[in-house]
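Data block below; observations after.
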Amino acid sequence: MLYRVCGRSGSGKTEYMLSLLGDIISSGGDAVVIVPEQQSLDYERLVFTRFGDRANLRCEILNFERLPNRTYREYGGLSASSLDKAGRDMLMATALENVAEDLEVYKNVASDVDFVKNAAGQVALLKQNGISTEMLENAIEALPRSFAGKIGDIAKIAKEYEKLSSQFGGDSADSLTTYAEKLEKMPFFEEKTVIIDSFYSFTCQEHRIIDAIARQARDVYISFLYDPEDRTGTFDETEGSFLRVSRVVKTKDIILPVNHRASSSALAFAEEHIWKSTADTADAGDSLHFVACRSLFEECEAAAAEVTRLIGQGMRMRDIAIIARTSSQYDGVIDAVLTKHGITAFMSSKDELAEKPLPVFLLSAVEACADGFSLPVMKKYIKSGYTGLPPQKSRLLIRYASTWDIRGKAWIKNEPWLANPDGYIEEATERQKRELADVNSAKNVVCEQLSALYDALCAKNATFSDCASALYTHLVSCGADKATVRKAEYCRSIGDEDGAQKLTQLWGLVISVLEQLSMVCGDSKATPERLLFMLRLAFSEYKVGTIPLFSDAVTVGDASMVRSGNVRAAILLGVNDGVFPASAENSGLLCDDELAALEQHGINMGDTSKKRRAQEKLYFYVAATSPTEKLTVIYNDARPSRPSIAALHLMRLFPDAKRTSFGDSFFDISFSPEAAAENILAMPEDIVARLASMGLDMTGRAEASPLCDTNAIISKSTASGLYLSPSRLEKYTYCAFSYFGRYILKLTQNKKAAFDYPEIGTFVHRILELFMASRVKNGGFVPPSDDEIKTEVDRLTDEYILSVCKGKGDRRFRYICTRLKNTLFLLIRNISDELSGSGFVPVAFERKLTGDETVVYSPGGMRVNVCGTVDRVDEYKRGGEIYIRVVDYKTGSTVFSKKALKEGLGLQMLMYLFSLCRKENKLPAGVLYVPASLAPGKESTPDEAADIDKYVKKRFKRSGIILADTEIADAMEKGVCGIYLPAKLKKDETFDYRSSVATVEQLGKLKLSVENYIGKLADELTGGNMNVSPLKLDDSHNACRFCDMKTVCRLAGDNSICREHSENQIEMGDDNA
């Protein structure tokens, strides 16, 4: 007799089956229990906990996948296809390649990975539903022409697949069909009671097995999640199987009408009315809780908070389940959040194999050979951690390759890389030389590994078997096998048994893929591109999972997989529209109308949207009715997200249910020490005090949390002296935290080597230094001709290119340098014209100031030495006195600004001027900024002479401040017409109002003010003040505009923390200074 045990969720179907099993065991009978694969372990635990270890003498717990093997071991006939899912996909890809030209509809997508997987799934579905290719071919003539071509293509694909699979002992998807046929001759179930529990529905193959079992067994009991009286469509998914089992044998129904699971009236009411549109409302009590969140991460935090709350109410972790429609969307977040808050969890979902480091290592190696060693692929290869390189060398190699955008066969050529690790730099430091040596050492390792693999995979007559062998050799030669063992041992040593189990599985699965590849594709000719396609296809079919490692752990899983009827509390994640329940989109090869038309001919080739909607309703129903005491519904209400219809319906059923927004309550931000530490800096003082009174003093832990406030303080310096360059002082003036990141933490961005403005600045300074130095002879400047300028610029540029590129050549670099020659010629001619008529003569280029020239004592007694490099120093003798002019070539957009100077910006040239005057006992004549910005190929110089003169006057207009002495000014520029100077004389021989000049007294006051400013900044700096407080005067003087520390401070763009003025001001003297 076949008994249909049916009831709604919580009606006690499994309990009925266990009670029945207990009677069978106690009476000395034999039983076979068949449950879904994911339920096997839990069911075994239930059986042996209740009935003891001797239960296994009378009871076997199996699933449909293990059932054939168990039967064949007793009666013979044990044989199985040698192909697994990955092998079947590769076989399908081969079948599609063979018939692609004969396909009518799917010809153009036959080589697409998704289509291969869809086609494999469609063929498996045909087998599950007992549909042969002959049935498809016979139905074609009766089908509308609009999709008869699709069915014809599917039939051709299935027939070719069958032909190929027969060479490997058949397709494992046929195993249940074959088993159902053989079972008639194998009395495995005679005199046994068979219990089939926890299934929602059965495939056609499974129904055939059930039919065969029913003809043998003493009795068969099958549980169905089904209510014959329900009219909401909740059980449409299970109804078909409920009706189907009664076709072959006589059945008897056992109805379980009472909900024994729900311990509260609210959850019982929810179970009965969850999908009823006309249901009344009920009192939720404390059984339901709705939580609104603003992001996926916040959903996970809310789930952790709810778990903590429930544990505080006396529940154990194993009493709680976290259920999402598809838990994979929370991978890497929910597990990390739960671990952070000290919550042990078992993730019932499995990890994608293709995302694990070892498969990534193998795939990126093949992809590198296929796409010509592109930089992104090479970075994946190195970052996988299986090259055998130490982490530090791996980082250096990636940084170097990213800096110089290295791609192509440079990776497998046995030639050293010569460029500077930091970009376009002429002379390498000792540190850069050591780093380059390490880079080449690491590159040689990668070169040796990949060059051998490249030769093997790209060989003219390489087969897939050859490639599989080469890949295995590559893995072993890189030490990937030993590295996997070491990683697993390390995981165990730190208590991560879950990670160790997954790593242990990895090696076997990767080797299995290579074996399947060699078996399926064998002697077929291979290319790196086709090999990559096959490997990606194969790896996409594998997932890595583990068995539960703890007896007390929260279960996290998918709604379609989790059977959590024994939990006291369920937390539903992501209950949003189109997410949970999921939208009923069709992702198969056929649309709803086509599927419906085929069903009229008795051919079931997939689920229609209506069936998928029924499945989704059932999944949500099962998840929402799984707990006995508490149900928490978490959803995202940040636009465009909104609660799903299921959530809204539950809210309507329970209008008084608790509804909160996560983060609004004190508990939400302090439910664990970790939560309190993360949020304490944003908490009011009374809340912090409240935490301290609870024994949670988080102040120390908050200091280690990510920076989220403006008050950054470090330990005071105990040094008695400080060496500072003007650029460091300016960085600190702009923003102390930016200084902290750049010079204390030494944080730098990894940037590509680009010949852009900074590199152009270096280039221009170098050419100007060498050229101008060559024109100073016998104490005077020798004016060059235009031809001399052009010839010398060509020579110096070529030498510079050779020194930077190390003889290897860089076409883009050469191109930009060549384009810049015209503008550089105009700049040098302009400077030469100025010096030709000037009494000031260059006496030093790139003058180094070691710090001894300027010594400042801060108010706190700190000795400050100011060091740096002066681009050019000019001198002029008047009587027995020597006047100094400091010249700076500005390749950026910087100009002299009195407004900026008052705020402590642009002090560099004045500091240099005062330092040189003090050291050499000379007088200040002023400072000049000479614009030397050359756009990298973005503009061209005019051709006409008049236009050139206009261009030069505008482009190279000087700024700065000079001594208010007409004789000194005239020595700089005859007539002081304002061509080369930021000053101009009126007819009465006085400076006009726009002139930037200062008297000796004013410069003296300015010197004292600058030194006082440096001293005060030094005290702040050594005192540990590293506040995030950027200075923003205007668009040209904005600390955040080009700051490299934006991603570190996380406060860039917050205008409330910006300063409009420096705390310390520079005294400028009189208004005309």
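Could you please let me know if residue 520 is over 18 Å from residue 92 (Cα atoms) and assigned to a helix (DSSP H, G or I)?
In short, no.
State the number of residues belonging to segment 171-183 that are assigned to a loop (DSSP other than H, G, I, E, B) and either more than 21 Å from residue 63 (Cβ to Cβ) or among the hydroxyl-bearing types (Ser, Thr, Tyr) (or both).
Qualifying residue count for the region: 0.
Can you confirm whether residue 151 is crowded, with 20+ Cβ neighbours inside 10 Å and in a helix (DSSP H, G or I)?
For residue 151, the condition - crowded, with 20+ Cβ neighbours inside 10 Å and in a helix (DSSP H, G or I) - is met.
Scan 1062, 995 and give me the residue that is polar (S, T, N, Q), surrounded by 14 or more Cβ atoms within 10 Å (Cβ to Cβ), assigned to a loop (DSSP other than H, G, I, E, B) and modelled with pLDDT of 85 or more.
995
How do the helices (runs of 4 or more DSSP H) wholly within segment 562-660 filter down when requiring 1 or more residues that are in contact with a Ser or Thr (Cβ under 8 Å, 6 or more places away or on another chain) and under 29 Å from residue 334 (Cβ atoms): which remain?
In segment 562-660, the matching helices (runs of 4 or more DSSP H) lie at 609-624, 645-653.
Which of (1) in contact with a helix residue (DSSP H, G or I) (Cβ under 7 Å, 6 or more places away or on another chain); (2) at pLDDT below 90; (3) surrounded by fewer than 16 Cβ atoms within 10 Å (Cβ to Cβ) is the odd one out, the single condition residue 190 does not satisfy?
(2)
Look at segment 316-325 and say how many of its residues are surrounded by 18 or more Cβ atoms within 10 Å (Cβ to Cβ) and farther than 10 Å from residue 573 by Cβ.
Counting residues in segment 316-325 that are surrounded by 18 or more Cβ atoms within 10 Å (Cβ to Cβ) and farther than 10 Å from residue 573 by Cβ gives 5.
Among the listed residues 851, 839, which satisfies the condition of being surrounded by 15 or more Cβ atoms within 10 Å (Cβ to Cβ), at positive phi, in contact (Cβ under 8 Å) with a residue 60 or more places away in the chain and outside any helix (DSSP H, G or I)?
851
Filter segment 513-549 for residues that are of a type in the set (Ser, Thr, Tyr) and buried (at least 16 other Cβ atoms within 10 Å of the Cβ); which is nearest to residue 43 (Cα to Cα)?
546
Going residue by residue through segment 157-165, is there one that turns out to be in a helix (DSSP H, G or I), within 21 Å of residue 241 (Cα to Cα) and acidic (Asp, Glu)?
Checked against the condition, which is being in a helix (DSSP H, G or I), within 21 Å of residue 241 (Cα to Cα) and acidic (Asp, Glu), segment 157-165 yields no hits at all.
For segment 360-386, how many residues meet the condition of being of a type in the set (Ser, Thr, Tyr) and touching a residue at least 60 places away in the same chain (Cβ under 8 Å)?
2
Look through 876, 800 and report the one residue that is of a type in the set (Phe, Trp, Tyr), touching a residue at least 12 places away in the same chain (Cβ under 8 Å), crowded, with 18+ Cβ neighbours inside 10 Å and in a strand (DSSP E or B).
876
Out of (1) at pLDDT 85 or above; (2) surrounded by fewer than 14 Cβ atoms within 10 Å (Cβ to Cβ); (3) within 35 Å of the chain's Cα centre (by Cα), what's the single condition that is false for residue 795?
For residue 795, the exception is condition (3).
Just checking, which of 345, 368, 321, 354 is farther than 28 Å from residue 618 by Cα, of a type in the set (Gly, Ala, Ser) and either modelled with pLDDT of 90 or more or more than 21 Å from the chain's Cα centre (by Cα) (or both)?
368
How about segment 350-386: which of its residues are in contact with a strand residue (DSSP E or B) (Cβ under 7 Å, 6 or more places away or on another chain) and buried (at least 22 other Cβ atoms within 10 Å of the Cβ)?
353
Scan segment 334-344 and give yes if some residue there is crowded, with 18+ Cβ neighbours inside 10 Å, assigned by TED's automatic domain parsing to the domain that holds residue 469 and assigned to a loop (DSSP other than H, G, I, E, B), otherwise no.
No, there is no match, as no residue in segment 334-344 is crowded, with 18+ Cβ neighbours inside 10 Å, assigned by TED's automatic domain parsing to the domain that holds residue 469 and assigned to a loop (DSSP other than H, G, I, E, B).
Looking at 301, 271, 306, can you tell me which residue is in contact with a strand residue (DSSP E or B) (Cβ under 6 Å, 6 or more places away or on another chain), of a type outside the set (A, V, I, L, M), outside any loop (DSSP other than H, G, I, E, B) and buried (at least 16 other Cβ atoms within 10 Å of the Cβ)?
Step by step, each of 301, 271, 306 is checked, and only 306 is in contact with a strand residue (DSSP E or B) (Cβ under 6 Å, 6 or more places away or on another chain), of a type outside the set (A, V, I, L, M), outside any loop (DSSP other than H, G, I, E, B) and buried (at least 16 other Cβ atoms within 10 Å of the Cβ).
Hey, could you check segment 188-217 for residues that are touching a residue at least 60 places away in the same chain (Cβ under 8 Å) and assigned to a loop (DSSP other than H, G, I, E, B) and say which is farthest from residue 124 (Cα to Cα)?
Going through the qualifying residues, I end up with 191.
Quick grid of which residues meet (1) within 45 Å of the chain's Cα centre (by Cα); (2) under 14 Å from residue 222 (Cβ atoms); (3) surrounded by 19 or more Cβ atoms within 10 Å (Cβ to Cβ):
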| site | (1), (2), (3) |
| --- | --- |
| 6 | no, yes, yes |
| 19 | no, no, no |
| 56 | no, no, no |
| 59 | no, no, yes |
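Within the bounds of segment 494-506, is there any residue that is over 31 Å from the mean Cα position of the chain (by Cα) and either surrounded by fewer than 18 Cβ atoms within 10 Å (Cβ to Cβ) or among the acidic types (Asp, Glu) (or both)?
No, every residue in segment 494-506 fails to be over 31 Å from the mean Cα position of the chain (by Cα) and either surrounded by fewer than 18 Cβ atoms within 10 Å (Cβ to Cβ) or among the acidic types (Asp, Glu) (or both).
Looking at (1) loosely packed, with under 15 Cβ neighbours inside 10 Å; (2) hydroxyl-bearing (Ser, Thr, Tyr); (3) in a helix (DSSP H, G or I), which is the only condition residue 832 fails?
Going through (1) loosely packed, with under 15 Cβ neighbours inside 10 Å; (2) hydroxyl-bearing (Ser, Thr, Tyr); (3) in a helix (DSSP H, G or I) one by one, residue 832 breaks only (1).
What's the number of the only condition in (1) at negative phi; (2) outside the structural domain of residue 124 (by TED's automatic domain parsing) that residue 10 fails to meet?
(1)
Quick one: which residue in 970, 1044, 1019 is assigned to a loop (DSSP other than H, G, I, E, B) and either over 15 Å from residue 899 (Cα atoms) or hydroxyl-bearing (Ser, Thr, Tyr) (or both)?
1044
If I go through segment 247-277 residue by residue, how many of them are β-branched (Val, Ile, Thr) and under 46 Å from the mean Cα position of the chain (by Cα)?
Selection size over segment 247-277: 1.
Scan segment 158-187 and report the pairs whose first residue is over 18 Å from residue 92 (Cβ atoms) and whose second residue is surrounded by fewer than 16 Cβ atoms within 10 Å (Cβ to Cβ) and at pLDDT 85 or above, with Cβ atoms within less than 7 Å and a gap of 6+ or a chain change.
The qualifying pairs are 186/75.
Could you tell me whether segment 590-610 includes any residue that is in contact with a strand residue (DSSP E or B) (Cβ under 9 Å, 6 or more places away or on another chain) and either touching a residue at least 24 places away in the same chain (Cβ under 8 Å) or of a type outside the set (A, V, I, L, M) (or both)?
Within segment 590-610 (the criterion being in contact with a strand residue (DSSP E or B) (Cβ under 9 Å, 6 or more places away or on another chain) and either touching a residue at least 24 places away in the same chain (Cβ under 8 Å) or of a type outside the set (A, V, I, L, M) (or both)), the answer is no, since none of the residues qualifies.
Listed here are the residues, each with its yes/no results for (1) farther than 20 Å from residue 170 by Cβ; (2) of a type in the set (Gly, Ala, Ser); (3) touching a Pro at 6+ places or on another chain (Cβ under 9 Å); (4) not in a helix (DSSP H, G or I).
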residue: 49; (1), (2), (3), (4): yes, no, no, no
residue: 61; (1), (2), (3), (4): yes, no, no, yes
residue: 89; (1), (2), (3), (4): no, no, no, no
residue: 93; (1), (2), (3), (4): no, yes, no, no
residue: 114; (1), (2), (3), (4): yes, no, no, no
residue: 118; (1), (2), (3), (4): yes, no, no, no
residue: 138; (1), (2), (3), (4): yes, no, no, no
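The values are calculated or read from the model by the stated rules, or taken from the named source; none is laboratory data. Nothing here was measured: the structure is a model prediction, and the numbers come from that model. We place every Cβ from the backbone using ideal geometry, glycine too, and count neighbours over all the protein chains shown.
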